[in-house]
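Colleague: Take this structure first; my questions come after.
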Amino acid sequence: MESFKKLGLSQEVLEVLTELRFEKPTEIQEKAIPLAIAGKDIIGGSATGSGKTLVFTSPIIEKIKSNGNVQALIMTPTRELAEQVSNSIGKFSRNKNLRTIAVYGGVSIGNQIRQIRNADIVVGTPGRLLDHLERNTINLDNIKFLVLDEVDRMFDMGFHRDVEKIIFRCPKDRQTMLFSATISGDIDHLAKKHTRNAIEVAVESYVDSTKLKQIYYDTPNNLKFSLLVHLLNKEKSNLVMVFCNTRRNVDFVEKNLKKNKIDALAIHGGLTQNRRSRIMKEFHGNKVHVLVCTDVAARGLDIQDVSHIYNYDLPSSSDDYVHRIGRTARAGKEGIAISLLSDRDYNNFSTISRNESLKIERVNLPKIERVHIETNYSSPRGSRQGRFDNRGRPSQNRPSRDNPRRDKSQNSRDGFKGSRGSRQSSGTNTRRPARNRNFNRPRR
Ligand code: AMP
């Protein structure tokens, strides 16, 4: 606890950290908590799992007193992250009698309106916060702390303008702290525009290469799903996350894992908030150990003890790849990231491989049995109406919040095969323009 004390935290907070069994500060905590408590604006380069919540919470809980005004505003890209941050603040401020509320869309606004009236700290997603501002149900005139969490994700999800609109509604005299796993030109511009003499704090990549093994299999498209089943059955694992690029593939993989007697849960942005919350409870309760998800849905989820990451689809950027694999090999534990490459992943894999710090080894395809694949099922329970057509497929022309950048180009490639009950599909349409065939095939 001495090491936390040195950072300038009060006795009340130190007591909570002892209860939570935090033994020593993480890198970002060590570097940034003293600056945050000193009132500095901060631009933090760190991602989910780095311990950044305690960084931005520290000055807030050390300095504000409950007075029924919203004094701190934290913007997060997703509802799950808003819930998670709000719960963490609740824990860290247990001895301080502060009221924190999370506000996000997909649930009734009435309760939030009542709770905001007494809240000292509000954690929210940009869309719902704007809703409250338009209805005059939140007053930001007393904001002393503004936190922008996971800004890269907020930008990816198209919240850039919403975020700025909200910033402009906050008083200029405030402490601003901004966190992002990657700092692009856009983010740098936003940060410089809305912070004052901000100090940049970066931490080493949170992927520990001594604990994390990264491998890939080069598989024909029609064996991809069978390979996943084979590996899930063969590899000894704790919790497993299987990443897909689209909602459609998430549903495809989940349904077919279940058909092959592997209990799996799916989480993506097409599900209602209630369903997403129920799924996360089940997963945390360790009832099911395989979670199939899109990047955006997984963003910010605090899931401990993930031993295996599967990339059923390769993401299109090395940033997304690093985010995915950073879910495992945490806190000194070992982990493995397994990428399943078929034709349509080669372009993405080439992009990812340009990041020289990523060492991904090729492993020969094992002998695998072809498993049964079902491609015709109805819209999953809890999916929002209108997102799926009457054959259970997501509607084609709608950009998805899970993947706004990619959906346009991937909808056709990721379509289910037309035939019912095909035994060969990998959840994707294998027909592609000839000019793309074997393009950028990874070197052996
Ligand atoms: P965060 O990146 O703030 O979401 O934190 C990720 C996870 O690490 C959460 O479960 C925290 O409770 C936990 N955590 C944060 N800081 C520490 C620490 N210094 N020691 C142990 N666990 C921590």
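Colleague: Based on this model, can you work out whether Asn139 counts as touching a residue at least 40 places away in the same chain (Cβ under 8 Å), away from the ligand (no atom under 16 Å from the Cβ), within 30 Å of Leu14 (Cβ to Cβ) and of a type outside the set (Val, Ile, Thr)?
Modeller: Values: touching a residue at least 40 places away in the same chain (Cβ under 8 Å): yes; away from the ligand (no atom under 16 Å from the Cβ): yes; within 30 Å of Leu14 (Cβ to Cβ): no; of a type outside the set (Val, Ile, Thr): yes.
No, not satisfied.
Colleague: Hey, another quick one. Suppose we filter Gly49, Gly106, Gly68 for residues that are within 11 Å of the ligand (Cβ to nearest atom), part of a loop (DSSP other than H, G, I, E, B) and modelled with pLDDT under 95; which single one remains?
Modeller: Numbers: Gly106 fails: within 11 Å of the ligand (Cβ to nearest atom); Gly68 fails: within 11 Å of the ligand (Cβ to nearest atom).
Gly49 is the lone residue from the list that is within 11 Å of the ligand (Cβ to nearest atom), part of a loop (DSSP other than H, G, I, E, B) and modelled with pLDDT under 95.
Colleague: Taking Val306 as the residue in question, decide whether it is touching a residue at least 60 places away in the same chain (Cβ under 8 Å) and within 16 Å of the ligand (Cβ to nearest atom). Give the derivation first.
Modeller: Values: touching a residue at least 60 places away in the same chain (Cβ under 8 Å): yes; within 16 Å of the ligand (Cβ to nearest atom): yes.
Answer is yes for this residue.
Colleague: So Ser184 passes all but one of these: (1) small (Gly, Ala, Ser); (2) in contact with a strand residue (DSSP E or B) (Cβ under 7 Å, 6 or more places away or on another chain); (3) not assigned by TED's automatic domain parsing to the domain that holds His284. Which condition number does it fail?
Modeller: (2)
Colleague: Quick check: is even one residue across segment 78-92 more than 10 Å from the ligand (Cβ to nearest atom), under 26 Å from Val322 (Cβ atoms) and part of a loop (DSSP other than H, G, I, E, B)?
Modeller: At the first step, the residues of segment 78-92 found to be more than 10 Å from the ligand (Cβ to nearest atom) are 78-80, 82-83, 86, 89-90.
Still in the running and under 26 Å from Val322 (Cβ atoms): 78-80, 82-83.
Filter again for part of a loop (DSSP other than H, G, I, E, B), leaving 78.
Looking for residues that are more than 10 Å from the ligand (Cβ to nearest atom), under 26 Å from Val322 (Cβ atoms) and part of a loop (DSSP other than H, G, I, E, B), one finds at least one in segment 78-92, hence yes.
Colleague: Taking segment 5-24, which residues are assigned to a loop (DSSP other than H, G, I, E, B) and over 27 Å from the mean Cα position of the chain (by Cα)? Before the answer, list the steps.
Modeller: Just the residues of segment 5-24 that are assigned to a loop (DSSP other than H, G, I, E, B), to begin with: 6-10, 20-24.
Across segment 5-24, the qualifying residues are Lys6, Leu7, Gly8, Leu9, Ser10.
Colleague: Okay, moving on. Taking the stated definitions as given, is Ala198 small (Gly, Ala, Ser), more than 21 Å from Leu130 (Cα to Cα) and either modelled with pLDDT of 95 or more or in contact with a helix residue (DSSP H, G or I) (Cβ under 9 Å, 6 or more places away or on another chain) (or both)?
Modeller: Yes.
Colleague: Using the structure shown, decide if Val296 is over 18 Å from Asp345 (Cβ atoms), within 16 Å of the ligand (Cβ to nearest atom) and touching a Lys or Arg at 6+ places or on another chain (Cβ under 7 Å). So that I can check it myself, show each step before the final result.
Modeller: Numbers: over 18 Å from Asp345 (Cβ atoms): yes; within 16 Å of the ligand (Cβ to nearest atom): no; touching a Lys or Arg at 6+ places or on another chain (Cβ under 7 Å): yes.
Against the criterion (over 18 Å from Asp345 (Cβ atoms), within 16 Å of the ligand (Cβ to nearest atom) and touching a Lys or Arg at 6+ places or on another chain (Cβ under 7 Å)), Val296 does not qualify.
Colleague: In segment 332-355, which residue that is of a type in the set (A, V, I, L, M) and in a strand (DSSP E or B) is surrounded by the most Cβ atoms within 10 Å (Cβ to Cβ)? Break it down stepwise before answering.
Modeller: Here is the first cut: in segment 332-355, the ones of a type in the set (A, V, I, L, M) are 336-338, 340-341, 352.
Subsequent filtering for residues that are in a strand (DSSP E or B) retains 336-338, 340-341.
Values: Ile336: 18, Ala337: 26, Ile338: 24, Leu340: 22, Leu341: 22.
It comes out as Ala337.
Colleague: Applying the selection to segment 167-180, what residues are under 19 Å from Leu35 (Cα atoms) and either touching a strand residue (DSSP E or B) at 6+ places or on another chain (Cβ under 7 Å) or surrounded by 20 or more Cβ atoms within 10 Å (Cβ to Cβ) (or both)?
Modeller: First, pick out the residues of segment 167-180 that are under 19 Å from Leu35 (Cα atoms): 173-180.
Listed by number, the residues that qualify are Arg174, Gln175, Thr176, Met177, Leu178, Phe179, Ser180.
Colleague: If I ask for residues that are under 24 Å from Lys96 (Cβ atoms), small (Gly, Ala, Ser) and out of contact with any Phe, Trp or Tyr (no Cβ under 8 Å at 6 or more places or on another chain), which ones from segment 119-164 would you list? Step through it out loud before you land on a result.
Modeller: Applying the first criterion (under 24 Å from Lys96 (Cβ atoms)) to segment 119-164 yields 119-124, 129, 138-149.
Those still in the list that are small (Gly, Ala, Ser) too: 119, 124.
Residue satisfying the conditions is Ala119 alone.
Colleague: Moving on to the next point. Answer with yes or no whether Leu35 is more than 15 Å from the ligand (Cβ to nearest atom) and not small (Gly, Ala, Ser). Working first, answer last.
Modeller: Working: more than 15 Å from the ligand (Cβ to nearest atom): yes; not small (Gly, Ala, Ser): yes.
So Leu35 passes the test.
One line per residue, one yes/no per condition, for (1) modelled with pLDDT of 95 or more; (2) closer than 13 Å to Thr57 by Cα:
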{"position": "Glu2", "(1), (2)": "no, no"}
{"position": "Lys5", "(1), (2)": "no, no"}
{"position": "Glu12", "(1), (2)": "no, no"}
{"position": "Leu20", "(1), (2)": "no, no"}
{"position": "Glu23", "(1), (2)": "no, no"}
{"position": "Thr26", "(1), (2)": "no, no"}
{"position": "Pro34", "(1), (2)": "yes, yes"}
{"position": "Ile37", "(1), (2)": "yes, yes"}
{"position": "Asp41", "(1), (2)": "yes, no"}
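Colleague: While we're looking at this one, here's another question. Considering only segment 241-308, give the helices (runs of 4 or more DSSP H) lying wholly within it that have at least 3 residues that are surrounded by fewer than 23 Cβ atoms within 10 Å (Cβ to Cβ) and at pLDDT below 80. Write out each step before concluding.
Modeller: Numbers: elements: 247-259, 273-284, 295-298.
Here the list reads 273-284.
The values are calculated or read from the model by the stated rules, or taken from the named source; none is laboratory data. Given the structure is predicted, the values throughout are model-derived calculations rather than measurements. We place every Cβ from the backbone using ideal geometry, glycine too, and count neighbours over all the protein chains shown.
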